[in-house]
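Worksheet: one structure, shown below.
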Amino acid sequence: MDEERTRSAGFTTEEDLPAEQYAPSYFLYVLRSSAKWLAFGIFTGLVVGTIASVFAFLIDKANALRAAYPQILFGLPLAGCLIIFLYHFMGRREDRGTNQVLESIREGKNLPITMAPTIFIATVVTHLFGGSAGREGACLQIGGSIASYLGRVLHFRKSERRRIIMTGMSAAFAAVFGTPMAAAVLSMEISTVGTMYYSSLVPCVAAALTARFVAAIFGLAPEAFILKDAALNGIRPLAFTLILALLCALASILFCLVMSRTEWAMDKFIRNEYVRIVLAGVLVVILTLVVGSQTYNGSGAGIIALCMEGAGVPFYAFLLKMVFTALSLGGGYKGGEIIPSLSIGAALGFTFGSLVGMDPALCAAIGMCGLFCSVSNCPITALLLSFEMFGYEAMPFFLITAALTYMFSGNYGLYHSQRIRFSKYAPGEINRNSHH
């Protein structure tokens, strides 16, 4: 057994493995280890699930308050200064967000506990004042940071840090998004493309289910939609699905490039963080006034709802959401990229369905599956997420979309620290970070 497999099984070295001839001893070890990680998963689900539920509740309240008082948007530049001050005050000047979480999983490093309160407060502030950002990406940082702290308090071994962080990530995602199956798998799949950390399955599942139970107590409903016509009948819808999958992959590459180039330009030409975030905030406010609505502010959940209800959005909506999100996150506002990517996919799919005569709502769901799969490089999670959000009737569409967008999107991804271990096109390891 190689060193990595030994560590992932919970043993410090290969010599720690019980000898095979002592089966009772090995069986007792398995029972103790299983009980330990099951208990930790439940405990983490309770703690992280509670904090993540409060986080989701405050995000919803912030968005509702801005909807009731749209003029709050004009405070976005000043809110940006508050966010920068907060990060400096908490000693997090070099914040790498979700990229740091992915590196910690792969390298077995602890996450600072200060990551949780800073991203918590900063994301709520971003949503309140109209920055374009999600919440699920932020909750991965919250969950990973809190779980890492719990592991230190409980004196877990250094070799167990990977599982600890993934457990917290699953708990937070399940609480906020309401999809425990996808949440349990996401943390095991997202760090290293081509490698699944199955040793974390038990605590991740326990944490996800527990956190979802806690979220339900808080009254948080899961994200779910009903598709009226989801049967794959004939060659025509199959052909259109293939084309839409290709478009989703191309859109995901464009989104990754827009995000990375905007962040690079902001960082290169505007060194002062306060000036950078104020400029980004001003630009977002101006764009909002030009558009004439706050449809593209916040996470983009409103875009998804419009598409799934059949109301629809302009054909250029997916491009506008890219720009709003790139300016917000590239300028220094905080939040996640997952819901924005889903809203981009929904807008693109709805427009495509309207043009070719397919059910626009179904195409919006396909677009969401395709964009998520492409930007995250997580096809299994994308499938589970689609099943939990839209049901199993449209399974063939989602299966085709996840497979094709995973291949068509190449080695691009939203997170540069994500490691592409195995090639998508040929056997063999490539071990390179994703392009963005």
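The values are calculated or read from the model by the stated rules, or taken from the named source; none is laboratory data. No experiment lies behind these values; they were computed from the predicted model shown. Positions of Cβ are backbone-derived with ideal geometry, glycine not excepted, and every protein chain shown enters the neighbour counts.
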| task | Could you check Ala403 against (1) part of a helix (DSSP H, G or I); (2) within 18 Å of the chain's Cα centre (by Cα); (3) not aromatic (Phe, Trp, Tyr) and say which number it fails? | result | (2)
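Listed here are the residues, each with its yes/no results for (1) within 30 Å of Gln294 (Cβ to Cβ); (2) modelled with pLDDT under 95.
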{"position": "Gln100", "(1), (2)": "no, yes"}
{"position": "Gly108", "(1), (2)": "no, yes"}
{"position": "Phe129", "(1), (2)": "yes, no"}
{"position": "Gly137", "(1), (2)": "yes, yes"}
{"position": "Gly144", "(1), (2)": "no, no"}
{"position": "Arg163", "(1), (2)": "no, no"}
{"position": "Met166", "(1), (2)": "no, no"}
{"position": "Pro180", "(1), (2)": "no, no"}
{"position": "Ala184", "(1), (2)": "no, no"}
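To keep it simple, each residue is scored yes or no on (1) modelled with pLDDT of 95 or more; (2) of a type outside the set (Phe, Trp, Tyr); (3) closer than 29 Å to Arg261 by Cβ.
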residue: Ala346; (1), (2), (3): yes, yes, yes
residue: Phe372; (1), (2), (3): yes, no, yes
residue: Ile380; (1), (2), (3): yes, yes, no
residue: Phe398; (1), (2), (3): yes, no, no
residue: Phe422; (1), (2), (3): no, no, yes
| query | Which condition does Trp264 not pass, out of (1) outside the structural domain of Gly137 (by TED's automatic domain parsing); (2) among the hydrophobic types (A, V, I, L, M, F, W, C); (3) under 26 Å from Ala305 (Cα atoms); (4) in a helix (DSSP H, G or I), if it passes all the others? | reply | (3)
| Do we have Cys256 as surrounded by 13 or more Cβ atoms within 10 Å (Cβ to Cβ), touching a strand residue (DSSP E or B) at 6+ places or on another chain (Cβ under 7 Å) and in a helix (DSSP H, G or I) here? | yes
| request: Six or more apart or on different chains, Cβ under 6 Å: which pairs go from a residue in the stretch 213-234 that's more than 21 Å from Met368 (Cα to Cα) to one that's surrounded by fewer than 10 Cβ atoms within 10 Å (Cβ to Cβ)? Could you list them? | output: none
| task | Return the total of residues in the stretch 271-295 being surrounded by 13 or more Cβ atoms within 10 Å (Cβ to Cβ) and either in contact with a Gly (Cβ under 9 Å, 6 or more places away or on another chain) or among the basic types (Lys, Arg) (or both). | result | 14
| Taking the stretch 309-329 only, how many residues are in a helix (DSSP H, G or I) and modelled with pLDDT of 95 or more? | 13
| Just one of the numbered conditions (1) part of a helix (DSSP H, G or I); (2) surrounded by 14 or more Cβ atoms within 10 Å (Cβ to Cβ); (3) at pLDDT below 75 is not true of Pro24; which one? | (2)
| message | Here's a check for you: in the stretch 186-205, which residue that is surrounded by fewer than 24 Cβ atoms within 10 Å (Cβ to Cβ), part of a helix (DSSP H, G or I) and of a type outside the set (Phe, Trp, Tyr) is modelled with the lowest pLDDT? | response | Ser199
| message | All but one of (1) surrounded by fewer than 21 Cβ atoms within 10 Å (Cβ to Cβ); (2) charged (D, E, K, R); (3) in contact (Cβ under 8 Å) with a residue 24 or more places away in the chain hold for Arg135; state the number of the condition that does not hold. | response | (1)
